[in-house]
Amino acid sequence: MAKPPAHTFTCSACGAVHKKWVGRCDACGGWNTIAEEAPLSAGPKALGAKGRAIPLTDLATQEAAPPRAPSGMEELDRVLGGGLVPASAILVGGDPGIGKSTLLLQAAASFARTGLKCMYISGEEAAAQVQMRAARLGLTDAPVILGTETNLRDILTTLDAERPALAVIDSIQTMWLDTVDSAPGSVSQVRAAAHELVTFAKRRGVAVVLVGHVTKEGQIAGPRVVEHMVDTVLYFEGERGHQFRILRAVKNRFGPADEIGVFEMTGMGLAQVTNPSALFLSDRDAPAPGSAVFAGIEGTRPVLTEIQALVAPSTLGTPRRTVVGIDSGRLSTILAVLEARCAIPFAGLDVFLNVAGGMRVSEPAADLAVAAALLSAREDVAIPPDMVLFGEISLSGALRPVTQTENRLKEASKLGFSQAALPARSKTGGGEGMRVREMADLTAFVGEMFGAG
Ligand code: TYD
Ligand code: MG
């Protein structure tokens, strides 16, 4: 008699399959990421069994570009690539309590007010809780259909009967299928539930938004495969203590990735921030040492952010390096380049680096602004308050031009800045009425800004 297929153990972070449970995944090194999984089916069919031929087509017989339904929330529509694509599957991830449910209730209401049939299914909150939130957000008049359920079979039956244009499932971790024998939130349940919902979206022409919780390491809890299954992955992020929230497209089959939408969490829900630069710079007054303004690009939009540094003598054997909003590896590299190429040591000094307003900066173009903030803090010399900086620092100490120089300068000029420090050979266009100070390398920058260094 054939043995029933054994249960397997799958890593929820990287998807590696193990024969038995282990505390640490050998494939990705993650701790406590292994979860038990029931076999998907009763075993493979005999190899001789033939499948059916699939229907084939060619590239030319595609329909026109998908029509998009804008929600009227401009920040959301931009991140979606211009509006909601029918029958698409979207995953929205974020830390618990960051505001995902608030955002999606507001989005569902916005879509519903444009005449789209919208359904909001909550598996986490009771109907009364969602209704109370809707009352607080002033959304009670929006024609959103509300359901509270976690059984996916019932949800799919309901969706099939109602056929909304958009269904929000809050959250994918609470959904369970009775065909999969493990607890809700487990790898197999999340994967199976996401698969059912995505397949349903494609087959029935219903756009689905899946809400997902993010683990401490910043991954959407559950297997990575969920991210591969959907068309669009959005992250809702922000610092707890700050009111700014950023919706970031990390994957989008229907639009540019890396696009961001900026919101502000208020007592009345999320408000859109249409001019983020002004917001991130709003509390700058007198010129202060340790502060540099970086002219960055987020998606298709230029955004100015303030980089702040503090450098102080350390009492520790290994000085502190504390970073918020920038990759700490990047800081180490810049410190090493300053030390090796410009002979400016940071040994024995604690370094604190922070991006103001809870923004995250991942562009290498921020290097020059980071170096400027560090030097300004170390030398106690303020950078001119009307200056923006950008440019990538290479390991040799050379400054490398970055993309979209003109757009960065234009935004800076619009916000009242009048000079810019940037790499030599940048394509500045007309310079946008700015005093452009081009520098070939970090040594030249140090010389020009801080005397001999
Ligand atoms: P929520 O949308 O429930 O977060 P998530 O679904 O990501 O877990 O948001 C919870 C937080 O948002 C909570 O701490 C309170 C805050 N909040 C406001 O500040 N203003 C509001 O109008 C609402 C609805 C929530
Ligand atoms: Mg929630």
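Readers should treat all values here as calculations from the given coordinates under stated rules, not as data from a laboratory. Since the structure is predicted, the reported quantities are computational estimates derived from the model, not experimental observations. Neighbour counts run over all protein chains shown; Cβ positions are idealised from the backbone, glycine included.
For region 74-274, give the magnitude of the charge dipole about the Cα centre (Cβ charges: +1 Lys/Arg, -1 Asp/Glu; no others), in debye to the nearest 20.
280
For the charge dipole of the chain, defined by +1 on Lys and Arg C-beta atoms and -1 on Asp and Glu C-beta atoms about the Cα centroid, which residue among Ala165, Leu234, Gly447 has the Cα displaced farthest towards the positive pole?
Ala165
Taking θ as phi - 60°, what are the ³J(HN,Hα) couplings along region 329-334 by the Karplus curve (6.51, -1.76, 1.60), each to the nearest whole Hz, with x for Gly and Pro?
x, 5, 4, 4, 4, 5
Can you tell me the orientation of helix 127-137 relative to the chain, as the angle in degrees between its alpha-carbon axis and the longest Cα principal axis, to the nearest 10?
That helix lies at roughly 30 degrees to the long axis.
Provide Rg over Rh for the chain; use the alpha carbon set for both Rg and the Kirkwood Rh (inverse mean inverse pair distance).
Details: Rg = 25.6 Å, Rh = 24.7 Å.
Value, to two decimals: 1.04.
With Cβ to Cβ distances under 14 Å as the rule, what net charge do the other residues near Thr300 carry (K, R +1; D, E -1)?
Net local charge, Thr300 excluded: -4.
Principal axes first, then extents: for the Cα atoms of region 373-453, list largest minus smallest coordinate on each axis, whole Å, largest first.
Per principal axis, max minus min of the Cα coordinates gives 31, 26, 15 Å.
What three numbers, in Å, describe the spread of the alpha carbons of region 85-210 along their principal axes, ordered from the longest?
Per principal axis, max minus min of the Cα coordinates gives 41, 30, 22 Å.
Summing Lys, Arg as +1 and Asp, Glu as -1, what charge do residues with Cβ under 14 Å from the Cβ of Leu310 carry, Leu310 excluded?
-1
Helix 405-414 against the longest principal axis of the chain: what's the angle in degrees, Cα atoms only, rounded to the nearest 10?
Around 80 degrees separate the two axes.
Quick one, can you get me the convex hull of the C-alpha atoms of region 279-450 expressed as volume per residue in Å³?
So the per-residue Cα hull volume is 103 Å³.
Considering only the other residues whose Cβ falls under 13 Å of the Cβ of Gln189, what net charge follows from Lys and Arg at +1 and Asp and Glu at -1?
Details: positive: Arg153, Arg191; negative: Glu36, Glu37, Asp178, Asp181, Glu196.
Here the count lands on -3.
May I ask which residue of Val351, Gly29, Phe280 lies farthest towards the positive end of the charge dipole of the chain, with charges of +1 (Lys, Arg) and -1 (Asp, Glu) on Cβ and the Cα centre as origin?
Selected residue: Gly29.
With n ≥ 4 as the cut-off for DSSP H runs, can you work out [θ] at 222 nm for the chain, using -39500 (n - 2.57) per run divided by the number of residues, rounded to the nearest 500? The partial results should precede the final answer.
Values: 11 runs with 117 residues, N = 453.
Result for the chain: -7500 deg cm²/dmol, rounded to the nearest 500.
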